[in-house]
Amino acid sequence: MSRMLDVSEDVRAEIGDEEADRLLAGENAPGSYDCTSCRTPGDSEQERTSTVLFVGEETAVLAFAHASCIPSQVVRVAEDQLQGAVRSITSTEQQQPQPQPPAPAADQAVLGVTSGLVLVEGELHPALVVEPTAPIARPGSDGFADEFLPLLIEQGFLPVSQVNQVPSPVAGWSVLLAMGQLHAILQPGTGGGSPVAWWQAHQPLQVTDGWRAAANKSHTVLVFAAPVGSIGQQPREDLLRDALEKAAADGRLVAGSMPLAGT
């Protein structure tokens, strides 16, 4: 059955006339899909649907969106970030892995990640707050001391005494947002290799429209991290800000800014 698909000239140029025609004929296009913009269900048999092509240097991922949300277009993404998204999606579908801690822990720890908008210097910034579920020990150590913050400071994060300044960039780190969802926080690979996931979502995490809009505007995400028990699960952004301020005043908060990868 033919689909109500919009395939822009840019998308057609990337995928070729033959593949574009197969999509329009319904051979390779799904009937139902999750809109890559608003993340709500769509049906290409019942409503106008845009084809959105995420393109790296060697990899391409075709997604679909309500035509009322965004037009058909090509979105350029760094190759290593796009491959990371593909690996994340594939592993989530096939293996359902748990998020990995950044280092062996006294207890088996996972990293909890909360997204929110944080007012800094009079402007709302997209932020992620990272807090492990247990103390994080230094790799190879036999002790139970929590080394979470020292380990991050060694990676370029800086201590925060007040949440009133945009933190300095952390070289080589980035936040991966693919198809409107949060997939991973990436750190530099060893020996100058491709970035690897420091934190990876068990399932891609939803972010609010406001968060995504702010991130796409600034192309930068503020990442705050605190030891277990410092922040907790806060139901509102004002309470999250209060918890960040308290952790900072107690010397239990580090932060860094990172470029946004994807869209």
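Bear in mind that the values in this text are calculations on the coordinates, not laboratory data. These numbers were taken from a predicted model, which means no experiment stands behind them. Here the Cβ is made from the backbone with ideal geometry for all residues, glycine too, and neighbour counts use every protein chain on show.
At E154 and A25, where each label point lies 7 Å from the Cα along Cα→Cβ, what is the point-to-point distance in nanometres?
With each label placed 7 Å out from Cα toward Cβ, I get 5.8 nm.
Arrange the peptides 228-239, 145-156 so that the one whose residues have, on average, the most other Cβ atoms within 10 Å appears first. Walk me through the numbers before you get to the answer.
On the way: 228-239: 14.7, 145-156: 17.9.
Listed from highest to lowest mean packing, they are 145-156, 228-239.
How big is D, in µm² s⁻¹, for the stretch 108-211 by Stokes-Einstein at 10 °C and 1.306 mPa s if Rh is the Kirkwood radius over C-alpha pairs? Spell out each step's value before the answer.
On the way: Rh = 15.5 Å.
For these conditions, the coefficient is 103 µm²/s.
What are the semi-axes of the equivalent ellipsoid for the stretch 5-76, taken as the square roots of 5 times the Cα gyration tensor eigenvalues, largest first, in whole Å?
Details: eigenvalues 65, 41, 20 Å².
Sorted largest first and rounded, they come to 18, 14, 10 Å.
State to the nearest 20 debye the size of the charge dipole of the stretch 118-251 about its Cα centre, where the only charges are +1 on K and R beta carbons and -1 on D and E beta carbons. Could you put the intermediate results ahead of the total?
Working: 6 positive and 13 negative charges, 72 e Å.
Value, rounded to 20: 340 debye.
No solvent, one uniform scatterer per C-alpha: report log10 I(q)/I(0) for the stretch 134-263 via the Debye equation at q = 0.11, 0.15, 0.22 1/Å, two decimals.
-0.42, -0.80, -1.58
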